[in-house]
Number of protein chains: 4
Amino acid sequence: MSNEPKKHWKAKLHEIIYEADTREGKLFDVILLFVIIASIVIVMLESVDSFASKYHGLLNIAEWVITILFTLEYIFRIITVKNPIKYIFSFYGIVDLLSTIPKYLSFFLTGSSSLVALRALRLMRVFRILKLTRYIGEYTNFVRALKRSKAKISVFLSFVLILCIILGTIMYLVESDQDSGFTSIPRSVYWAIVTLTTVGYGDIAPATALGQFIASLIMVMGYGIIAIPTGIVSSEMTKKEKKKIPKNTKVCANCNEDHHADNATFCHKCGHKL
Amino acid sequence: MSNEPKKHWKAKLHEIIYEADTREGKLFDVILLFVIIASIVIVMLESVDSFASKYHGLLNIAEWVITILFTLEYIFRIITVKNPIKYIFSFYGIVDLLSTIPKYLSFFLTGSSSLVALRALRLMRVFRILKLTRYIGEYTNFVRALKRSKAKISVFLSFVLILCIILGTIMYLVESDQDSGFTSIPRSVYWAIVTLTTVGYGDIAPATALGQFIASLIMVMGYGIIAIPTGIVSSEMTKKEKKKIPKNTKVCANCNEDHHADNATFCHKCGHKL
Amino acid sequence: MSNEPKKHWKAKLHEIIYEADTREGKLFDVILLFVIIASIVIVMLESVDSFASKYHGLLNIAEWVITILFTLEYIFRIITVKNPIKYIFSFYGIVDLLSTIPKYLSFFLTGSSSLVALRALRLMRVFRILKLTRYIGEYTNFVRALKRSKAKISVFLSFVLILCIILGTIMYLVESDQDSGFTSIPRSVYWAIVTLTTVGYGDIAPATALGQFIASLIMVMGYGIIAIPTGIVSSEMTKKEKKKIPKNTKVCANCNEDHHADNATFCHKCGHKL
Amino acid sequence: MSNEPKKHWKAKLHEIIYEADTREGKLFDVILLFVIIASIVIVMLESVDSFASKYHGLLNIAEWVITILFTLEYIFRIITVKNPIKYIFSFYGIVDLLSTIPKYLSFFLTGSSSLVALRALRLMRVFRILKLTRYIGEYTNFVRALKRSKAKISVFLSFVLILCIILGTIMYLVESDQDSGFTSIPRSVYWAIVTLTTVGYGDIAPATALGQFIASLIMVMGYGIIAIPTGIVSSEMTKKEKKKIPKNTKVCANCNEDHHADNATFCHKCGHKL
């Protein structure tokens, strides 16, 4: 008998946490959204030295509050979900776990342990931002669209990489005697990528006439081949849009005419009932 | 009786101000266009120290002349329009008011008041450029097109932002020991945005091999995902163009059904001959 | 009688100069192409101080040879063309004239006249490169395509300009106290253009946190709205391609079926002769 | 009799080297893939001074092992292929040869010969990366797609080049008195390319107001005309996708005409029933 009210309580909690139809469900989502954003802001502010030294205590308390809230959320999600194992090993399950662990681990690592591991742990909290993707509607569609043109994009990227390695090596040959930053092939390849993608930092820039000539070729090339991924995605998206247009596949039994309008009841050619 | 000529005078002024069919209407538009552009040029020149100190008096007079002209325009627009309240709170009503106020307010703020507020006020006059949008024909179509793909673009931008926060944090972890400018996470995220969007200032640039490797990944990523907004807008525009293609405009005389197929001879709804 | 052979000589020259069907015509084109490219290379080399001082005499002789060749070409074009006046005032007529004049004028200006005018004149010779456009096949199609989407591109550019003026002014307000290069509104607008177009020199870069935040917004905006001209041109080009597809507009006299294949002689529906 | 097992051995080797259906064939491909990548990594690491001086001996041994492996592969490919001459002068034949030669030549050049030639030879080994293109599936399709739009892209690039030469010359006229890096026309043209392609290193940047104004124009132009190659490739790709849509594959039994309309019942050429 005591089992039933408990189950009811679970079902209600499930509704609040996993759905957004009820008033409580919406409220939960809005609060969680703010906590996530606040959490990211705190991680960022902690890295600003002038700010962190001033408000160290405050940031620590806020971080503990957020960690406890995320822990409660994680526990409640496990309790209320039908298949906890599946949830725990799902993308969002792992993200939810990673959102809580770092602060607890930092508790054990404090003082004696290595500072680098501690900092890496602390920064891992930034992955909490992935919790946000739950709230972005078309997000999964978007990822799916990227996955669909994965093969073509891989070919394109391997093409860009091969190009950059060859061009970077040529530039290393041309510019390595100069004081222009082409000190090794990996650096030259890095420069080729910076140039081909039209980023152009300017930390490494050719100094010789020949180097500048080759650089110009790379730039124009980069300016031209940026068209390729765009073409891929554009044609992919246009194709998708076309598929959305519903077609009527009915064929008239009298005259075999097809391509009827979607809401056709009679054949537009002979007037026979479809 | 004295009311009628006044009304007539109002109607004529309305025609001059709001329409461009008559010779006076066109002249008004051309003059206003030049005054707006002159006004923007003056605001800009005032900020150039060498110029401002030399021609301070002249700029002040020009500014007063323009302010008075805009004030007259604003008053006449209110007088001649049918629904003044609606105009005052419309986009252009607010822009027209903002075009006149700053100079008058600067009159009261001079000397005693804070200089920052004064400068902000003075620079607000640059929003007068929004008055220009009245004269750009396809402008509203353009804004509408942007609004239509707002949802998709928001998803894309949130995707870019999440990516930049994660990548910026990783780069902070890798590069913060170096003297390469990654002094805090917000700065690293700023750098990630600068890199992903292929702007590449070079004020912050990775110094370690690992940092340059990650930077290369971000650049290639940025080079690739620029295709996505392009694909969105391209397919949106192609869709729009397609809608323009004239379709069968016949309407069934029996059931008033339209949207028949182009080669329809009979109504697809009731079988009546078209 | 002496008029006829002369006319014949003129006609033959016209064929050589204006057409490329004969062996002489092709040879003329190839020689002219090389002379134009040589001419551009010489103008460029003259500007390289180390090179110009060393080979001054040689460059001068080469320049005179090229000028005389272009002068002869210009005279022959006028003599052989049917309507010399129309040619002289055409685009290529003006370009051909500008290709010869500067060197002659430099003869009169030497010594006594202003050096700036002389240098400007000398550099005008670079416009000889426009002579090359005669040899680029699809060039006029290309220019026509640009002209067709001129209206839309103008709206887009005015949108970009208004955005840059407003954003530049805001950045001036935020950053002008810093030593980061935002010394006046025009410079700030210049920076906004450099950033929005994703060029990103880095000669001016925001130093404050707020400035970097606004800069990030501008970059993401620029990254997004680059899609608009691409969308315009893409949909324009797709439209053009579609128009190229020839359609058969024949309708069967027996069954009124249309959309026949282009080479159809019989109706594909009822077998009736079209 | 001894000839036949040898032939059999050749056929098996051919299967392993040229095909990937058998287990041995797959293993061969995977090993070759790793050897190629290892080879590229070694060439790159050799150029990093701190690394090369430390592990000079190790790198040399690894390089010899790889060279011998590539030599064996080259010999086996010649032996097993049906037409060795055709293979030797094919693209991959030359790439395979270039992958082995440099190390052997470096053996003869050591000490006495010029260092520059030696370094060039050593870097030539980076072209081994082209061996990778054998393993990228859609690669040839990709190259074909680029070749198809070669004419349009050439026109576009010549347009960009002419623009950059003219704009670079104008900037040289405007900025050459300043200390902003516009020291010669070739350098100014280089800057124009850097700016138009939105790379923007910042090593050369305009200092005068007029120069910055012209630079802004170039940037906006570059931002706009990047749409053109994108448009070309997009429409090319959309066209390609359309061709993929299956068409009526029926062939008339009477006249062998194909390419009938999708809903054809009778041959559109001779009227024969399909």
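The values are calculated or read from the model by the stated rules, or taken from the named source; none is laboratory data. Computed from a predicted model, the values in this text were never measured in an experiment. As a convention, Cβ positions derive from the backbone with ideal geometry for all residues, glycine included, and neighbour counts pool all protein chains shown. What goes into the accessible areas is simple: the full protein's heavy atoms, side chains included, and nothing from ligands, DNA or RNA. Shrake-Rupley method; radii C 1.70, N 1.55, O 1.52, S 1.80 Å.
The table below lists the values:
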| quantity | calculated |
| --- | --- |
| Calculated FRET value between residue D:34 and residue A:37, using beta carbons and R₀ = 41 Å, to 0.05 | 0.35 |
| Student exercise, segment C:139-238 dipole from Lys, Arg, Asp, Glu Cβ charges, in Debye to nearest 20 | 720 |
| Simple spin-label estimate for residue C:78 and residue C:21 in nanometres, 7 Å along Cα-Cβ | 2.8 |
| Of D:10/D:147; B:103/B:147; B:12/B:86, those spanning more than 25 Å from alpha-carbon to alpha-carbon | D:10/D:147; B:103/B:147 |
| Surrounding net charge for residue A:172, when Lys and Arg each add one and Asp and Glu each subtract one, Cβ distance under 15 Å | -1 |
| Rounded to the nearest 20 debye, dipole of segment A:3-135 from Cβ charges on Lys, Arg, Asp, Glu | 240 |
| Inverse mean reciprocal Cα-Cα distance (Kirkwood Rh) of segment A:1-78, Å | 14.5 |
| Computed FRET value (nearest 0.05) for residue C:154 with residue D:8, which takes r as the C-beta separation and R₀ as 60 Å | 0.25 |
| Relative contact order (%) - criterion: Cα under 8 Å, at least six apart; region: segment C:10-81 | 35 |
| Average other protein chain Cβ within 10 Å of Cβ, residues C:159-169 | 5 |
| Accessible area of residue A:56 in the full protein assembly, 1.4 Å probe (Å², nearest 10) | 120 |
| Heavy atoms of residue A:125: accessible area, 1.4 Å probe, square angstrom to 10 | 0 |
| Pairwise Cα inverse-distance average, inverted: Kirkwood Rh of segment D:3-135 (Å) | 16.1 |
| Positive-end residue, segment D:139-238 charge dipole about Cα centroid, Cβ charges, pick of D:155, D:216, D:171 | D:155 |
| Inter-copy label distances at residue A:56 (7 Å, Cα→Cβ; nm, one decimal) | 5.0, 5.0, 7.0 |
| Environment charge at residue A:212 (Cβ cut-off 13 Å; Lys +1, Arg +1, Asp -1, Glu -1) | -1 |
| Separation in nanometres of the label points that stand 7 Å from Cα toward Cβ, at residue D:64 and residue A:94 | 4.5 |
| Dipole magnitude (debye, nearest 20) for segment D:45-90, charges at Cβ of Lys, Arg, Asp, Glu | 340 |
| Radius 14 Å from Cβ of residue D:23, net charge of other residues (Lys, Arg +1; Asp, Glu -1) | -3 |
| Sequence ranges C:171-183, C:60-72, ranked by mean other-Cβ count within 10 angstrom, highest first | C:171-183, C:60-72 |
| For residue D:157, label point 7 Å along C-beta direction: distances to other copies, nm | 2.6, 2.6, 3.7 |
| Å³ per residue enclosed by the Cα convex hull of segment D:139-238 | 96 |
